[in-house]
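Q: Below are the structure tokens for one structure; questions will follow.
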Amino acid sequence: MISLDELAENETACIIEINSEGKMKRRLLDMGIVPGTEISLKRRAPLGDPLEFYVLGYRLSLRRSDAADIICERRCVQ
């Protein structure tokens, strides 16, 4: 298992756990970042922050520090 910010570009993973708390966790859940969801890193900004992900049919940008709180597994089991 790795954190979401460790994915390589165009790599897909399955969300396992969210280690954020409070409003940030609620916001992530509302955006579809929930355990069991497939997510892929599309690209990094030139300085490495933010990161652009593809999840549930849309693109989503997250700060690297927020992505580091999301634990994922490289291979999704369907």
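Q: Over all directions, average the projected area of the Cα convex hull of the range 9-49 and note it in nm².
A: 3.4 nm²
Q: In nm, what is the difference between 0.36 nm times the number of residues separating R63 and N19 and their Cα-Cα distance?
A: Numbers: separation 44, 0.36 × 44 = 15.84 nm, distance 1.46 nm.
Difference between extended and current length: 14.4 nm.
Q: Per-residue HN-Hα couplings for the range 38-50, Karplus 6.51 cos²θ - 1.76 cosθ + 1.60 at θ = phi - 60°, whole Hz, x for Gly and Pro?
A: After applying 6.51 cos²θ - 1.76 cosθ + 1.60, I find 7, 9, 9, 7, 8, 6, 10, 5, x, 9, x, 8, x Hz.
Q: Can you work out the Karplus-derived ³J(HN,Hα) for every residue in the range 66-72? Use 6.51 cos²θ - 1.76 cosθ + 1.60 with θ = phi - 60°, whole Hz, and x for glycine or proline.
A: Once θ is set to phi - 60°, the couplings for the range 66-72 become 6, 5, 5, 7, 10, 8, 9 Hz.
Q: Using a cut-off of 13 Å between beta-carbons, work out the net charge of the residues near R74 (Lys and Arg +1, Asp and Glu -1, R74 not included).
A: -3
Q: Using only C-alpha atoms and all pairs of different ones, pull out the Kirkwood radius for the chain in Å with one decimal. If you can, show how the numbers build up before the last one.
A: Working: mean 1/r = 0.0823 Å⁻¹.
Computed over Cα pairs of the chain, the Kirkwood hydrodynamic radius comes out at 12.2 Å.
Q: Report ³J(HN,Hα) in whole Hz for each residue of the range 16-31, in order, from the Karplus equation J = 6.51 cos²θ - 1.76 cosθ + 1.60 where θ = phi - 60°; Gly and Pro get x.
A: 10, 7, 10, 9, 6, 9, x, 4, 5, 4, 4, 5, 4, 4, 5, 7
Q: For R75 and T37, what is the calculated FRET efficiency with R₀ set at 22 Å and r taken between the beta-carbons, to the nearest 0.05?
A: Computed FRET efficiency for R75 and T37: 0.95.
Q: So, one more: If you rank V34, V55 by fewest surrounding Cβ atoms within 10 Å, what's the result?
A: Arranged by neighbour count, lowest to highest, V34, V55 become V34, V55.
Rule-based calculations on the coordinates, nothing more; no lab input. What you see is a predicted model, and the numbers here were worked out from it, not measured in a lab. Ideal geometry is used to build each Cβ from the backbone, glycine not excepted, and the neighbour counts take in all protein chains shown.
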